[in-house]
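Asks: One structure, pasted below without further comment.
The values are calculated or read from the model by the stated rules, or taken from the named source; none is laboratory data. Worth saying up front: this structure is predicted, and the values here are computed from it rather than measured. Methodologically, a virtual Cβ is constructed for each residue, glycine included, from the backbone with ideal geometry; neighbour enumeration extends over all protein chains shown.
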Amino acid sequence: MPHSTDFITSIPSLLAYFKTKGIDHTKTHITGIMEHPFPLLIPTYYANLIDWYDPHDPLRKMVLTDNLEKVELPHELDDPIGDVAHSPTPGIVHRHSDRCLLMLTNACAVHCRFCFRKNILDKNAADLGKALSYIRSHTEIWEVIFSGGDPFMLTNHTLQKVVTTLRSMPHVKMIRFHTRTPAVNPQQVTPDLLSILKQSSPCSVVLHVNHPKEVTNEFIESVKNMQQAGVMLLSQTVLLKGVNDDAKILEELFKKLVECGVKPYYLHHLDLTKGTNHFRTSIAKGKEIMQQLRANVSGLCIPEYVIDSPEGYGKIPVFWFNHTSEHTYEATTLDGKKIIIQSNTLTK
Ligand code: SF4
């Protein structure tokens, strides 16, 4: 586990970091930025990638608290993707028959200011015994997806124990980890963690990466190490206003990922989490970006553009939605369920 000194956890500790780096805080435009109930958490490694004199630095936007987070719109939600309604026991979310989420930690290596679970992260406390019994008794579960929080924040002891238990269940064929750690603090991908990933085989790791500046030499090194451990590597990216809502930026990101052997898997339309409207792009803009990518970039670099429905149906391709009236998008699922999304809830 990393040392607490490897992280910036408050505005005073950010100021202390500036001091050690010789950064003149009076030129960083952070005056007046308030602490937030979802506290600041920035790995020092990630802080070193930020140009702190540029208030529009995309990495800074993703991690520095913003007073706009206090602006909560009536249609924004604490549980924007309907986790709670699909949780049969603490720590499990089971929406689709052949796979379930296993959420064993609330901890992350970074606090993303747009986090879809930021208002319920501390309510995710799992009962490990009950969660594993649930998976054992549901033999239709083919894949277990470690989510969170960030599963790479679990102690190696816990991770090892859980992986060993899952591997004793013949119906669980695949193990998947969703993590942002390699993009924000790649040195946490240690030899011990790699050895657990190897024992999890066959397994996949879905890397949460949002900007080409996150694809550093250290990130690429951690990717290579995971590949050598036999891991299938995919990525997911959140579409964020002022960070990556631009076809050129996403082209650069997706090409860099493919060049190091990571297949772009999902581009997420931002969920309706409370206090995140300043990050939200419109569906129309997202579709336009995807059309530009499709026209100009190899299909290897094209992820699926999806939206998680607030009812908890799961990920739905955005191109399934038709714009049915000025404010309404509608899609019909395979089982005939109509999903209606008010477009004014998805645009600023
Ligand atoms: S890493 Fe994921 S769960 Fe953690 S704060 Fe970021 S978006 Fe939320």
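Asks: Pull up segment 50-97, narrow it to residues that are under 30 Å from L166 (Cα atoms), modelled with pLDDT of 90 or more and in contact with an Asp or Glu (Cβ under 6 Å, 6 or more places away or on another chain), then point me to the one that is surrounded by the most Cβ atoms within 10 Å (Cβ to Cβ).
Replies: Looking at the filtered set, the residue picked out is V93.
To keep it simple, each residue is scored yes or no on (1) under 26 Å from I316 (Cβ atoms); (2) in contact with a Ser or Thr (Cβ under 6 Å, 6 or more places away or on another chain); (3) within 13 Å of the ligand (Cβ to nearest atom); (4) not assigned by TED's automatic domain parsing to the domain that holds G312.
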position	(1), (2), (3), (4)
P88	yes, no, no, no
I92	yes, no, no, no
S97	yes, no, no, no
K118	yes, no, yes, no
K130	no, yes, no, no
I141	yes, no, no, no
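Asks: Identify the residue in segment 143-152 that is within 16 Å of the ligand (Cβ to nearest atom) and at pLDDT 95 or above and, among all such residues, is nearest to V110 (Cα to Cα).
Replies: Selected residue: D150.
Asks: What number of residues within segment 163-205 are among the hydroxyl-bearing types (S, T, Y) and within 16 Å of the ligand (Cβ to nearest atom)?
Replies: Residues that pass the stated criteria total 2.
Asks: Among the residues of segment 149-205, how many are more than 25 Å from F7 (Cβ to Cβ) and of a type in the set (D, E, K, R)?
Replies: Residues that pass the stated criteria total 5.
Asks: Would segment 99-109 turn up any residue that is modelled with pLDDT of 90 or more and charged (D, E, K, R)?
Replies: Checking segment 99-109: at least one residue is modelled with pLDDT of 90 or more and charged (D, E, K, R).
Asks: Quick one: count up the residues across segment 1-39 that are of a type in the set (A, V, I, L, M, F, W, C), at pLDDT below 95, assigned to a loop (DSSP other than H, G, I, E, B) and surrounded by 11 or more Cβ atoms within 10 Å (Cβ to Cβ).
Replies: Qualifying residue count, segment 1-39: 4.
Yes/no per residue for (1) touching a residue at least 12 places away in the same chain (Cβ under 8 Å); (2) under 26 Å from D308 (Cα atoms):
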{"position": "F18", "(1), (2)": "yes, no"}
{"position": "H29", "(1), (2)": "yes, no"}
{"position": "L41", "(1), (2)": "yes, yes"}
{"position": "T44", "(1), (2)": "yes, no"}
{"position": "D51", "(1), (2)": "no, no"}
{"position": "K70", "(1), (2)": "yes, yes"}
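Asks: Would it be correct to say that M232 is on the phi < 0 side of the Ramachandran plot, surrounded by fewer than 20 Cβ atoms within 10 Å (Cβ to Cβ), in contact (Cβ under 8 Å) with a residue 12 or more places away in the chain and under 18 Å from the mean Cα position of the chain (by Cα)?
Replies: yes
Asks: Can you list the strands (runs of 3 or more DSSP E) lying wholly within segment 66-167 that have 1 or more residues being among the basic types (K, R)?
Replies: In segment 66-167, the matching strands (runs of 3 or more DSSP E) lie at 92-96, 99-103.
Asks: Considering each residue of segment 206-253, count those that are more than 16 Å from the ligand (Cβ to nearest atom), in a helix (DSSP H, G or I) and either of a type outside the set (A, V, I, L, M, F, W, C) or more than 28 Å from L68 (Cβ to Cβ) (or both), and give that number.
Replies: 15
Asks: Moving on. Report whether or not K118 is farther than 22 Å from V215 by Cβ, of a type in the set (K, R) and in contact with a Cys (Cβ under 9 Å, 6 or more places away or on another chain).
Replies: yes
Asks: Among the numbered criteria (1) within 13 Å of P39 (Cα to Cα); (2) more than 11 Å from the ligand (Cβ to nearest atom), which single criterion is violated by E76?
Replies: Failed condition: (1).
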